[in-house]
Amino acid sequence: MGFEPFIHFMREMHGKLNASIFGGAQGMSSQQIAYLRQLQRELDVERSLNVPLCELDVVVLDLETTGFFPDKGEEILSIGAVKVEKGEMIEAKSFYSLVQYEGTLKKEVKEITGINEEMVKNAPSLSHVLIDFFSFAGDMPIVAHHANHEKNFLQHASWKLFRAPLKHRIIDTSFLYRIADEKDDNKPLEEWCLDNNIAVENRHHALGDAKLTAKLWCTYVEKVKKSGCETLRDIYERIAAK
């Protein structure tokens with residue numbers, strides 16, 4: 001295929017992709033539709049590698065879900081997040097929303113999360129909540145505790161709803177304590193908090209857990225600095241060398 005026909009082909013495919021993504025966007029605001037277009041742009045994920053950790057602004061995220069496997073039909077019930085700026089959690093910059101769910105919740109899910117069917121049946125749809133969350137997060141890296149859970153659900157939802165890959169950098173808190181403590185214990189969040197003298201409050205509430213994780217992140221940023229790691233690049237290189 002020559003160069004000019006290839007350009008024409010790519011433009012044609014780009015138009016079809018836009019139509020498939022935005023054709024179902026009726027009822028969304030112009031701001032939301034603009035953000036869907038923004039999802040197709042490349043985030044500058046490399047920049048975060050070289051920013052000193054104490055200056056790296058991040059969004060700390062937690063999800064409550066119906067289970068662990070989005071590819072098997074499990075769904076997001078709530079999203080909570082809080083920003084950490086210059087090494088300090090900013091409680092005023094937080095995000096929380098329940099997500100619409102019309103099924104019957106498992107008993108254990110209701111007991112653990114405190115969420116019931118009545119609370120989520122009229123909540124905003126996942127597409128609207130995700131657009132609001134990504135607008136809140138901007139281009140900041142996303143931090144989570146045992147981050148594969150959050151990463152899998154966000155990746156699955158981004159592609160299913162928007163036909164767009166998740167482009168944010170996802171950072172697991174374990175990256176830091178593997179350096180600072182030289183261990184990778186698969187302990188629950190509350191145990192890590194208690195080990196670091198962080199009072200455990202609002203456990204298994206998405207925003208409550210996001211705030212606990214943010215406090216843990218701030219604590220370990222200080223610890224890894226003492227280990228000689230100043231940036232995320234230092235963290236990744238140290239882990240790779242183990």
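The values are calculated or read from the model by the stated rules, or taken from the named source; none is laboratory data. In this text the structure is predicted, and so the values were computed from the model without any measurement. Note that each Cβ is placed from the backbone with ideal geometry, even for glycine, and that neighbours are counted across all protein chains shown. SASA here: full protein model, heavy atoms, side chains in, ligands and nucleic acids out. Shrake-Rupley method; radii C 1.70, N 1.55, O 1.52, S 1.80 Å.
Brief remarks follow.
- Residue in region 162-170 that is crowded, with 17+ Cβ neighbours inside 10 Å, without any contact (Cβ under 8 Å) to a residue 60 or more places away in the chain and under 16 Å from the mean Cα position of the chain (by Cα) present: yes
- Of all residues in region 116-141, those satisfying the criterion of being open to solvent by less than 10 Å² (accessible area, probe 1.4 Å) and touching a helix residue (DSSP H, G or I) at 6+ places or on another chain (Cβ under 7 Å) are Leu130, Ile131, Phe134, Pro141.
- Evaluating Val200 against the criteria (1) under 21 Å from Val59 (Cβ atoms); (2) in a loop (DSSP other than H, G, I, E, B) leaves one unmet condition, (1).
- Residues of region 175-202 that are open to solvent by less than 30 Å² (accessible area, probe 1.4 Å) and within 11 Å of Thr213 (Cα to Cα): Leu189, Trp192, Cys193, Ile198.
- Scanning region 91-112 for residues that are surrounded by 14 or more Cβ atoms within 10 Å (Cβ to Cβ), more than 22 Å from His156 (Cα to Cα) and in contact (Cβ under 8 Å) with a residue 60 or more places away in the chain yields a single hit, Ser94.
- Subset of region 95-150 that is among the hydroxyl-bearing types (Ser, Thr, Tyr) and assigned to a loop (DSSP other than H, G, I, E, B) - its residue that is farthest from Lys187 (Cα to Cα): Ser125
- Test: Asp184 is modelled with pLDDT under 95, over 21 Å from Val51 (Cα atoms) and either among the acidic types (Asp, Glu) or in contact with a His (Cβ under 8 Å, 6 or more places away or on another chain) (or both): yes
- Residue in region 144-154 that is open to solvent by less than 30 Å² (accessible area, probe 1.4 Å) and touching a His at 6+ places or on another chain (Cβ under 9 Å) present: yes
- Among (1) at pLDDT below 60; (2) closer than 18 Å to Asp132 by Cβ; (3) among the hydroxyl-bearing types (Ser, Thr, Tyr) - the single one Ser20 does not satisfy: (2)
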